[in-house]
Each structure stands twice: as C-alpha cells, then as structure tokens.
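**Student:** Following this message is one structure expressed as structure tokens.
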Amino acid sequence: MEEQSNWARLRLGVAYDGTEFHGWAVQPQLRTVAGEVTRALGVLFSEISDFTVAGRTDAGVHATGQVVHVDVPAAQWAQLAERLLWRLRGILPPDVRVTSVEEVPASFNARFAALWRRYRYRIADNRWGVDPLRRNDTLAWKCPLDMEAMNAASRHLLGEHDFASFCKKREGATTVRALLDFTWDRDGDGVLEATVRADAFCHSMVRSLVGAVAAVGEGRRDEAWLVEVLAAARRSSEVAVAPAHGLTLVEVAYPDDPSEWDERVSATRRVRTLEAQS
C-alpha cells in the first residue's frame with residue numbers, strides 16, 4: 001500500500017433490507033451486502049482497501065444504521081466527493097443504500113472504535129398477524145405476549161455478564177459483553193419492539209435474548225429460569241433463537257472526539273474476562 005497521504009479514509013452509513021442477502025460478509029457465489037457495496041465502490045475507484053464494518057449481520061437481518069470504513073485513492077475521492085452518493089445510488093441494487101459518506105482521520109475504525117451498537121426487534125402478537133408492508137422486518141407470534149413480564153425479565157440481563165448461554169461460541173472469542181439497554185414497548189399499531197443496546201454482541205446474541213424473553217412473555221418460562229440460564233454461561237437448547245428477519249441494526253455510536261478513537265480501539269481489542277467475585 002502507498003503512503004497514507006495518497007489515500008483517504010471514508011466513513012459510510014449503510015442501510016439494507018437483508019431479506020435477499022446471505023448476510024453481510026463476502027461469500028463466493030452468494031449475494032451479500034458487503035459484496036454489493038464493494039462491487040459498487042470498485043466501479044468508481046481504481047482500488048479500495050481496508051473495507052471494515054461495525055458489525056457483521058446474519059442472513060436475513062436488516063440495517064438502517066450500519067457503519068463501514070474504507071480507504072480509497074485520495075485524488076479520486078477529491079473528484080467524486082460531491083457526487084459519490086448520487087453515483088452509488090445509480091449502481092447499487094434497490095435493497096441496499098449508502099446513506100452518508102464523510103472523510104475521517106485514518107485512526108477511525110468502524111469496528112473497534114465503536115462505543116455501542118443498538119438493535120431493534122419487532123414482534124406482532126395480534127390476532128390477524130403482520131402488516132403486509134412490514135412482513136420483511138416483523139415476526140408474527142402465535143399468541144399474545146405479556147410486555148410487562150418481558151420487561152421485568154429483560155432487566156435481569158442488564159450489565160456485564162458472560163453471555164455464553166445466548167451466543168454461538170467462536171474459537172478464541174470472548175462472550176463477555178455489557179448489555180446497556182433491553183426494553184420492550186409497543187408502537188402505534190401495537191407491535192412489540194425491543195430495543196437492545198450493548199458495547200458489542202456475540203454471534204446470535206440478540207436473537208437468542210429475544211427468544212428467551214419471549215418465552216417468558218408467553219408464560220412458558222419465568223424470570224428464575226432466565227436467571228439460571230444466564231448464570232450457567234453455556235449454550236442451552238432451551239433457548240430458542242428468534243428468526244432473523246425481525247432484527248434491524250439501528251445505530252452504532254463512536255466517541256465524538258477523534259483523539260479518543262485510538263484509546264477505544266485498544267480497549268476493544270483486549271479480550272475481556274469477568275473479574276472474580278469475592
């Protein structure tokens with residue numbers, strides 16, 4: 001790679017309907033979000049480098065607030081800066097959009113500089129099902145759910161824990177996370193919406209949390225069961241993973257001061273463990 005001064009680092013906001021994608025990450029012979037975005041950038045730039053996403057999403061998961069950083073030739077960026085969003089609009093398919101673009105210092109890292117990620121999960125538990133216009137991002141539940149019970153159960157999960165019971169374990173990766181928000185509300189149409197915010201998420205964590213709390217909302221499980229599952233810190237067949245299409249990545253937050261990015265990157269790269277309790 002040439003000297004950094006010959007390159008510009010761009011921060012992209014990306015939104016997509018995940019229905020027809022095999023997830024975020026590029027996979028041979030499969031249609032993915034990253035594949036479409038890098039293909040579009042490759043039409044406009046002679047070279048792209050260090051294409052990094054804030055958080056990979058699974059097949060079927062959507063996003064309105066995904067964040068990517070990518071390095072492109074600075075001279076080409078200078079020529080395209082005012083027109084890049086318009087040009088990408090004409091190249092990208094209709095189920096994915098680059099919604100914003102800005103040049104940022106090279107210290108910005110979309111993945112490791114993030115302070116937290118926020119997801120939304122939608123469940124329709126009414127008698128008639130899902131609004132046809134929202135069928136791609138809303139799960140139809142088979143019976144009414146008790147929102148108060150779900151909120152009470154969700155509060156037990158807040159804080160820093162080993163969420164191994166709610167994650168698909170990956171070799172060498174920690175399952176310790178800090179869950180900052182987990183609340184349920186109903187929108188104007190009565191659809192249940194979960195807001196789930198954490199410093200980071202491990203694989204399948206949000207959908208597993210939703211599946212476990214929905215079991216409490218049904219009355220099949222209680223809060224004590226959920227607390228036991230969390231404390232066990234091992235994957236349990238009793239925890240159902242909610243379907244992907246109800247999940248949307250809504251927002252990724254970063255320190256406002258660029259001087260704090262390097263410190264945040266270093267902190268995120270450290271493998272976390274829970275401190276021993278006295």
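**Student:** For the chain, state the average projected area of the convex hull of the C-alpha atoms over all orientations, rounded to one decimal in nm². Each step should come with its number before you reach the end.
**Tutor:** On the way: hull surface 67.6 nm².
Reported value for the Cα convex hull: 16.9 nm².
**Student:** To two decimal places, what compactness ratio does segment 6-113 give when its Cα radius of gyration is scaled by 2.2 N^0.38 Å? If you can, show how the numbers build up before the last one.
**Tutor:** Values: Rg = 13.0 Å, N = 108, 2.2 N^0.38 = 13.0 Å.
For segment 6-113, the normalised Cα radius of gyration comes out at 1.00.
**Student:** Order these peptides, 221-230, 63-72, by their mean beta-carbon neighbour count within 10 angstrom, highest first.
**Tutor:** Details: 221-230: 16.3, 63-72: 22.6.
The packing order, highest mean first, is 63-72, 221-230.
**Student:** Further question: For the chain, list the DSSP H helices whose alpha carbon atoms reach 18 Å or more along the long axis and whose average Kyte-Doolittle value is -1.0 or above? Could you put the intermediate results ahead of the total?
**Tutor:** Numbers: long enough: 205-218 (20 Å, 1.31).
Going by DSSP H runs, the hits are 205-218.
**Student:** In addition: Assuming a ≥ b ≥ c are the square roots of the Cα gyration tensor eigenvalues, decide whether segment 188-278 counts as rounded (a/c under 1.5), prolate (otherwise, with a/b larger than b/c) or oblate.
**Tutor:** Note, shape of segment 188-278 comes out oblate.
**Student:** Helix-only mean residue ellipticity at 222 nm, the chain, DSSP H runs n ≥ 4 weighted -39,500 (n - 2.57), per residue, nearest 500. What is it?
**Tutor:** Numbers: 7 runs with 69 residues, N = 278.
Estimated from H runs of four or more residues: -7000 deg cm²/dmol.
**Student:** Another question, then. Can you give me the orientation-averaged projected area of the convex hull built on the Cα atoms of segment 106-154, in nm²? Don't jump to the answer; show the numbers that get you there.
**Tutor:** Values: hull surface 23.4 nm².
Average projection, Cα convex hull of segment 106-154: 5.9 nm².
**Student:** Report the FRET efficiency, 1/(1 + (r/R0)^6), for Arg269 and Lys168, where r is their Cβ-Cβ distance and R0 is 22 Å, rounded to 0.05. Mind showing how you got there, number by number?
**Tutor:** Numbers: r = 21 Å, r/R0 = 0.97.
The value I calculate is 0.55.
**Student:** Within a Cβ distance under 10 Å of Thr183, other residues only, what is the Lys/Arg minus Asp/Glu net charge? Walk me through the numbers on the way to the answer.
**Tutor:** Values: positive: Arg155, Arg197; negative: Asp181, Asp185, Glu193.
Value of the local net charge: -1.
**Student:** With +1 on each Lys and Arg Cβ and -1 on each Asp and Glu Cβ, and nothing else charged, work out how big the dipole of segment 212-261 is about its Cα centre, in Debye to the nearest 20.
**Tutor:** Working: 4 positive and 9 negative charges, 92 e Å.
Approximately 440 debye in magnitude.
**Student:** Pairing rule first: another cysteine's C-beta must sit under 4.7 Å. Under that rule, which cysteines of the chain stay single?
**Tutor:** Isolated Cys, the chain: Cys143.
**Student:** Continuing with this model, one more query. Starting from the 7 Å offset along Cα-to-Cβ, what nm value, one decimal, do you get for the label separation of Asn136 and Asn6?
**Tutor:** With each label placed 7 Å out from Cα toward Cβ, I get 4.1 nm.
**Student:** If you don't mind, another one. Want the number for Ala232 to Met147: 0.36 nm per residue separation, take away the alpha-carbon distance, what's left?
**Tutor:** Details: separation 85, 0.36 × 85 = 30.60 nm, distance 2.53 nm.
Taking Ala232 through Met147 to full extension adds about 28.1 nm, to one decimal.
**Student:** Can you tell me how segment 195-246 classifies by the Cα gyration tensor, rounded, prolate or oblate, using a/c under 1.5 as the rounded cut?
**Tutor:** On the way: a/c = 1.64, a/b = 1.23, b/c = 1.33.
Taking the square roots of the gyration eigenvalues as a ≥ b ≥ c, segment 195-246 is oblate.
Laboratory data are not the source of any read-out in this text; all were calculated from the coordinates shown. Note that the structure is a prediction, hence the values are computed from the model and not measured. Because the Cβ atoms are built from the backbone with ideal geometry, glycine has one as well, and the counts that use them run over all protein chains shown.
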